[in-house]
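For reference, the structure is listed below as structure tokens.
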Amino acid sequence: MPDFPLTVCERYRPNVALLLIDDSGKLLICERVEEDGAWQFPQGGVDEGEGFLTAFHREVREEIGLTPKDYELIDLRAGYRYKYPDGVRQKKKKKHNCVGQEQTYFICKLLSKKSKIDIVQPSQEFQNTKWIKPKDFKLSWLPEFKHEVYKQVFSEFFGCELS
């Protein structure tokens, strides 16, 4: 029997994220409640035994108050993965037993009025929203460990390069 080192299987937490566009092609981004200037998409973890689409609808409802009748699913893509940096990793590993997240992005068209979006939720994660052209997203709004995933997402969904 050959001698080889054992490898530890790294667990990535399944995650779903919303790319919501309006009729003009603008994209919804949300500013995190705990950090001014930190903009991202509504997103969250898939619970044990929960399907990805069910988790997606739940997260959208919990974070911005929309139900499936308020948006139309256009496309989805999976396999976007990032690792947490050491400080974050210890906290997340303790909470979720994972080293990072593997995201599935759902791109949707808003069917209802923008005014229906409600970030004031019981577990409020966002303090503000805005609509931007995808090419105007700034990587500086994100922690560095998420940069590569966002570059991929913007390239693959919107055909634009972020810097």
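Quick look at the numbers
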read-out	value
Radius, Kirkwood style, for the range 23-115 when every pair of distinct Cα atoms is counted (Å)	15.0
Cα pair distances of the chain binned at 10 Å [whole percent]	10, 37, 37, 11, 3, 2, 0
Over 26 Å between alpha carbons, listed pairs Lys83/Lys138; Lys113/Lys151; Lys109/Lys151; Lys83/Lys114	Lys113/Lys151; Lys83/Lys114
Within the chain: Cβ-based charge dipole about Cα centre, in debye rounded to nearest 20 (Lys, Arg +1; Asp, Glu -1)	100
Fewest-first sequence of Val153, Val60, Val33 by Cβ atoms within 10 Å of each Cβ	Val33, Val153, Val60
Share, in percent, of DSSP beta bridges within the chain that are antiparallel, nearest 5	70
Charge-dipole axis of the chain as Lys and Arg at +1 and Asp and Glu at -1 on Cβ define it, positive-most pick from Gly100, Ser24, Ala55	Ser24
Length-normalised contact order for the range 14-156 - Cα pairs under 8 Å, 6+ apart - percent	35
Over the chain: helical MRE at 222 nm, DSSP H runs n ≥ 4 each giving -39500 (n - 2.57), nearest 500	-7000 deg cm²/dmol
For the chain, with +1 on Lys and Arg beta carbons and -1 on Asp and Glu, the positive-most of Tyr150, Tyr84, Gly37 along the dipole	Gly37
Peptides 121-131, 105-115 ordered by average Cβ neighbours within 10 Å, highest first	105-115, 121-131
With Cα atoms, 0 to 90° folded angle of helix 86-96 axis to the chain main axis	80
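Since every read-out is calculated from the coordinates, none of them should be taken as a lab result. Nothing here was measured: the structure is a model prediction, and the numbers come from that model. FYI the Cβ positions are ideal-geometry reconstructions off the backbone, even for glycines, and counts take in every protein chain you see.
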